[in-house]
Amino acid sequence: MTYVTIEQCSKSFGKQAVLHHLDLSFEQGEFITLLGPSGCGKSTLLRIIAGLTTQDSGKLYIDGKEVTHTAPRDRQVGMVFQSYALFPNLTVTDNIAFGLKMKRLESKKIEREVAAIIELVGLPGKEKAFPRELSGGQQQRVALARSLVTKPKLLLLDEPLSALDAQIRKHLRKQLRDIQRSLNMTTVLVTHDQEEAMSVSDRIYLMNGGRIEQAGTPHDIYTRPRSPFVARFIGNYNVVSREELRRMLPSLADTGSLVESTASLYAIRPETLSEVPFEQGIALTGKVDHLSMLGNITRCEFITEGCRLYADHLHRTFEHAMIGETKTWYIDPKDVIPLYDDAA
């Protein structure tokens, strides 16, 4: 059963429309990510769900109850901000216990709940520390614990890891996902980081200009982008026009792929370009223009028929190439993906 429903949500600031009649739904226990570039409306949507911003039109339901005009404190929603927003003069224990004290729970129950959540987020031994005595990652876990301890129906995360360095981010997002699964808590994350979204989400809503460009599982969105925006934002696809494709791969027309499609643009994932010939592969020859090391990947930029393309390979499988060298790659016709309108 749908746990959170957003119907026809719109928002403008002055004459600037920020959200355009959005429809979204989340199942209980799902980890949802609102992904997109700066200014796409994802944080505004999160604040509307929290009740911190009022939408101009539309309705919002949480656990079967309409909360469109319900005050934030009555929505049973927890929120973790990018800035952590910890009380500097309170210890870890007192920061986490703050929401429970506002509910006027008896002290023994507060102690039990706080101790359990400190264990869950991996902060035993830090109970008496002040925020200034903690690392950024530890502060973020305190902020998370403070939201979780009140047992909200919905947990909202507004780019909570963006201020941390890469290694800590990777560790904390795994820990965050483990905690979310253990509690089976419906969670909505806002981020502009596609790797972060792909690694933690059950489903992703990819936003652009206040609209939903595409929604689906990380696998669906990565392997089958529907629009040029999605292809360029997720996975660094090569995006080429129909005519460019005909010039580069004239034999593709014989497969029926171009004949059956009405698309004017097509996407090709860099990692689908193979250096090794295979039965259904179509040859694509070009001149190497640039080489980049991207962690465990070598990215080769090459020019073919006036078009610049990217091919990605693991270092151990990549035959060393030289800038200026002419090389041949092979592509399966099914990996040439038609793209349609930018707006979903």
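Bear in mind these aren't lab numbers, they're just calculated from the coordinates by the rules spelled out. Just so it is clear, the structure is predicted and the values come from calculations on it, not from any experiment. Please note: Cβ atoms are built from the backbone with ideal geometry, for glycine as well, and neighbour counts cover all protein chains shown.
Per-structure values
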| quantity | calculated |
| --- | --- |
| Potential lengthening between Met102 and Thr326 on full extension [0.36 nm per residue; Cα-Cα distance subtracted] | 73.7 nm |
| Computed lengthening from Ser264 to Glu243, 0.36 nm per intervening residue step minus Cα-Cα distance | 6.7 nm |
| Rotationally averaged projected area of the chain (alpha carbon convex hull; nm²) | 21.4 |
| Where trypsin sites (Lys or Arg not before Pro) fall in DSSP loop in the stretch 82-157, at most 14 other Cβ within 10 Å | Lys103, Arg104, Lys128 |
| Approximate spin-label separation Arg224-Phe278, in nm, with each point projected 7 Å along Cα-to-Cβ | 1.9 |
| The stretch 33-48 - phi-based ³J(HN,Hα) in whole Hz, Karplus 6.51/-1.76/1.60, Gly and Pro as x | 10, 9, 10, x, x, 4, x, 7, x, 5, 5, 4, 4, 4, 5, 5 |
| Residue exposure sequence - Glu133, Glu279 - by fewest surrounding Cβ within 10 Å | Glu279, Glu133 |
| On Cα atoms only, tilt of 107-120 relative to the major axis of the chain in degrees | 20 |
| Spatially proximal lysines relative to Lys153 (Cα-Cα < 29 Å; intrachain offsets below 8 disregarded) | Lys11, Lys42, Lys59, Lys65, Lys101, Lys103, Lys108, Lys109, Lys126, Lys128, Lys170, Lys174 |
| Rg and Dmax of the stretch 238-339, Cα atoms only, in Å | 13.4, 39 |
| Segment Lys65-Gln8, extension gain: residue separation times 0.36 nm, minus the distance between their alpha carbons | 18.9 nm |
| Residue order, fewest to most surrounding Cβ atoms within 10 angstrom, among Val149, Val92 | Val149, Val92 |
| Estimated FRET transfer efficiency (His315, Ala166; beta-carbon r; R0 30 Å; 0.05) | 0.95 |
| Cα centre as origin, Lys/Arg/Asp/Glu Cβ charges: the chain dipole, Debye | 1540 |
| Point-to-point label distance, Ala115-Asp23, nm (Cα→Cβ direction, 7 Å offset) | 5.0 |
| Qualifying chymotrypsin sites (Phe, Trp or Tyr not before Pro) for the stretch 221-305 [loop in DSSP, other Cβ within 10 Å: at most 14] | Phe278 |
| Relative contact order, percent, the chain [alpha-carbon distance under 8 Å, six or more residues apart] | 17 |
